[in-house]
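Since the structure comes first, as structure tokens, the remarks are kept for the end.
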Amino acid sequence: MKKIALIMCALFCLSVFTACGENNIVFTTQKFKESNIFNEYLNISSKYNDFISNFEQAYANSIETTEGSVFTSSTMSYKIMQDLILLTMPIFEIGQPVSNQVVYYQNINFNYFSSQSPICFKYFVNSGNQAGAKYTYRAECENAVWIGNDNENEIIENLTIDYTLEVDFNDNTSLKEYTITTSCEQAYEFSNTYVISFDEKTSYIFVEVKNSVDEMSNMQIEYYSLSDDYQISRIVNYQYTDFAPTYNLIDFMFKDYNGRVKFSYEGTTRPAQIKGLKNVTYSDFAKIVESDKQNNTRAKYSYEILQGRISVDKFGSLI
């Protein structure tokens, strides 16, 4: 009996120390693991896709629930934004050249470009169009399999996307700021303006995407790839109604396949940025805390997955 009691005591102490250790994890910045922003973002997007896919598979094994529908529909905002960012990343691989240069961009894990057949985008600098600090590019794909609004695959022949790039230094952030404008006039016409900045020393990445056609709907995201392989990000989707913005928020915090995701409607309150990791702690990031419950007009869902098991906390309704 004494041996059993000692074993039970040891297991209890171990669980307490583990829990305390988890809660006392401190987010610490680190340098980019990859050689440049192009490869760094490819690595990041792959980790997020794996984490989200694992979450969705865990839900697929259970009965369809409201919480499962909220998760699937809400992560769509991230997936859309990731695809938009992936379309710009070859620009950083090409850089700002003085002569024509071509980069082939293929087998990338897009969400809206089907991977049923190898997709290859050929990015090149338009000859003779460099003007001062502005550079122009074009991406071409012979046959792009695009997943349309009805989730039906549609083939767009000879898809072309035109880009311009301007580089400035932002005195407020002390970071270079890359403004990229994309436009496409084919089956799914779009035009977007991106503002991208990053700090290789801390792994911080900031991207804002403004829809140039419909300026009423915009998104921004901040990423950190932290020490001990933790990934955190905050994505803010904001829409204007009668010239007043309302905000929706997604927070990701995970390591490999375990972690948390929080979706929330913030109303007219603009979410704080996570740059500098101010007020960002392991114990409460991507979780519903008491301060979240102070406003009854808001709604929040927080999901946690641990070894394939999902738990959900919610306040209000997102449906």
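How would you classify the stretch 239-307 from its alpha-carbon gyration tensor, with a ≥ b ≥ c the square roots of the eigenvalues: rounded for a/c under 1.5, else prolate if a/b is greater than b/c, otherwise oblate? Prolate. The mean accessible area for residues of the stretch 151-293, using a 1.4 Å probe and ignoring ligands and nucleic acids, is 49 Å² per residue. Projecting label points 7 angstrom from Cα along Cα→Cβ for Asp171 and Asn143 puts them 5.4 nm apart.
If I stretch the segment between Asn43 and Val26 completely, what's the gain in nm (0.36 nm per residue apart, minus their alpha carbon distance), one decimal?
Numbers: separation 17, 0.36 × 17 = 6.12 nm, distance 2.29 nm.
Gain in length upon complete extension: 3.8 nm.
Mind ranking 42-54, 159-171 by how tightly packed they are, going by the mean number of other C-beta atoms within 10 angstrom, highest first?
Numbers: 42-54: 16.9, 159-171: 15.4.
Averaged packing, sorted descending, gives the order 42-54, 159-171.
Electrostatic bookkeeping for Phe252 treats Lys and Arg as +1 and Asp and Glu as -1; over the other residues with beta carbon under 15 Å from its beta carbon, the sum is 0. With the simple spin-label model, which puts each label point 7 Å out from Cα in the Cβ direction, the Phe243 to Asn36 separation comes to 4.4 nm.
When the pairs Lys134/Lys176; Lys201/Lys278; Lys31/Lys210; Lys262/Lys293; Lys31/Lys278 are compared against a 25 Å limit on Cα-Cα distance, Lys31/Lys210 fall above it.
The values are calculated or read from the model by the stated rules, or taken from the named source; none is laboratory data. All values derive from a computational prediction rather than experimental measurement. So basically every Cβ, Gly included, is an ideal-geometry build from the backbone, and we count neighbours across all protein chains shown. All accessible areas refer to the heavy atoms of the entire protein, side chains included, with ligands and DNA or RNA removed. Shrake-Rupley method; radii C 1.70, N 1.55, O 1.52, S 1.80 Å.
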